[in-house]
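The values are calculated or read from the model by the stated rules, or taken from the named source; none is laboratory data. Just so it is clear, the model here is predicted, and its values are computed rather than measured. Reconstructed Cβ throughout: ideal geometry from the backbone, glycine too, with neighbour counts over all protein chains shown.
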Amino acid sequence: MGAIIPLEYDESNQKKCTECNESIPEASYYCPFCGVPIKVVIPAPEQDRIPPEPEVPVKKRRKKKINRKTKRFILVGAAVFLTIATVIFGTSKLNEGKIQIPFDSASVVGKEADQLYKELKEAGFKKISKKKDESGWLNDGKVIRVSIGDTDSFSKGSYKNPDEEIVIFYSSEGRIDATDIFRDWQNTEFQTVWQKLEEAGFTNMSAEETVTYEKEKNLLTSAITLDGEEYTEGRCYLPSNTPITISCNVLKIEMGSKSSKFEGKYYKDVVTDLQARGFINIELRRADNLKIGFLRKEGTVSSLSIDGNTGFKKNDSFYYYSQIVIVVNTYEGEGCEDITIIAY
């Protein structure tokens, strides 16, 4: 509130006395009629005034409208939640009194049979047995597979009755380590693998032939099958009577030329060509058919047959060991001394 001070006299402005209601000059210090002193309140300077705080408008909250898609999402979510809750509750009821399997079927392979038996006992299973198995490539006493009830495929944490029948199949004793015999078998000759297996004591072996057209693979081992299962690599322990099949690459050679193309060529050049292809069974014979040597030259091929076939085509193929007979044009009793067999 401002200070109270007497105003200077000013007759130009009139006002009413608050006491006697007479008109008096506005600047009077007192009423000339009743003598009451006149006091005037001067407002405080403008800068001393505190402006009122502005009113903050209150925002009206709008209710959010839930669209159809959101409603559908909420309903689906609620349904899923109820379903999960039902499944969990139902599962817990269903598995009441059952035991969780402490491992999965794949992880048991290669474990010690006795250790696995102990784990199952500690888990609470009652009917557990062990059974020797001649199959597989594992060392003595290692687990090959486990059957629970009517299945040998199960997951860790799945529930089973404590009195479920469990059989642990483990590898038989007295197995032979064939790991070194089969090492790098793809680059080992069939005969070498076969001999090593015999020396190691294996008794049930058989051989198969695989055709190859690659000369460098001839007679190399092409496959190994152990008791009906193809072997690739890794540790391998087998009973001595395990059925073992060893496949051998056998070279077949595509001629590329028909038989008549060899006729008239010098016999040594033909032999060199055939040997380079991979043929190993070549026989030279004398024709002793020359008198003058005008139509046919000495040392040229008169005929060539492969396994008795003198009219083969260029696309025909023959095994590397096929018998090749080359009849050479010769004079009777002279020339081509390295050919001793007479053809006719």
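Brief remarks follow.
- Taken as a whole, the range 142-158 holds no residue that is among the aliphatic types (A, V, I, L, M), crowded, with 19+ Cβ neighbours inside 10 Å, out of contact with any Phe, Trp or Tyr (no Cβ under 7 Å at 6 or more places or on another chain) and under 28 Å from SER247 (Cβ atoms).
- Looking only at the range 228-245, and only at residues there that are of a type outside the set (Ser, Thr, Tyr) and in a strand (DSSP E or B), the one that is farthest from SER317 (Cα to Cα): LEU238
- In the range 194-227, the residues that are assigned to a loop (DSSP other than H, G, I, E, B) and either closer than 16 Å to ASP177 by Cα or modelled with pLDDT under 95 (or both): GLY201, PHE202, THR203, ASN204, ASP227
- Matching residues in the range 292-306 - criterion: being farther than 14 Å from VAL270 by Cα and touching a strand residue (DSSP E or B) at 6+ places or on another chain (Cβ under 8 Å): GLY293, ARG296, GLU298
- Residue among ILE306, ILE246, ILE341 that is surrounded by fewer than 18 Cβ atoms within 10 Å (Cβ to Cβ), on the phi < 0 side of the Ramachandran plot and of a type in the set (Val, Ile, Thr): ILE341
- Filtered residues of the range 186-228 (kept if exposed (fewer than 12 other Cβ atoms within 10 Å of the Cβ), of a type in the set (Asp, Glu) and either in contact with a helix residue (DSSP H, G or I) (Cβ under 8 Å, 6 or more places away or on another chain) or closer than 28 Å to LYS142 by Cα (or both)): GLU198, GLU199
- Residue that is modelled with the lowest pLDDT [pool: residues in the range 134-188 that are in a loop (DSSP other than H, G, I, E, B) and of a type in the set (A, V, I, L, M)]: LEU138
- Qualifying residue in the range 122-130 (condition: in a strand (DSSP E or B) and under 22 Å from THR242 (Cα atoms)): yes
- Which listed residue is more than 11 Å from ILE324 (Cβ to Cβ), touching a residue at least 12 places away in the same chain (Cβ under 8 Å) and under 43 Å from the mean Cα position of the chain (by Cα), from GLY278, GLY264: GLY278
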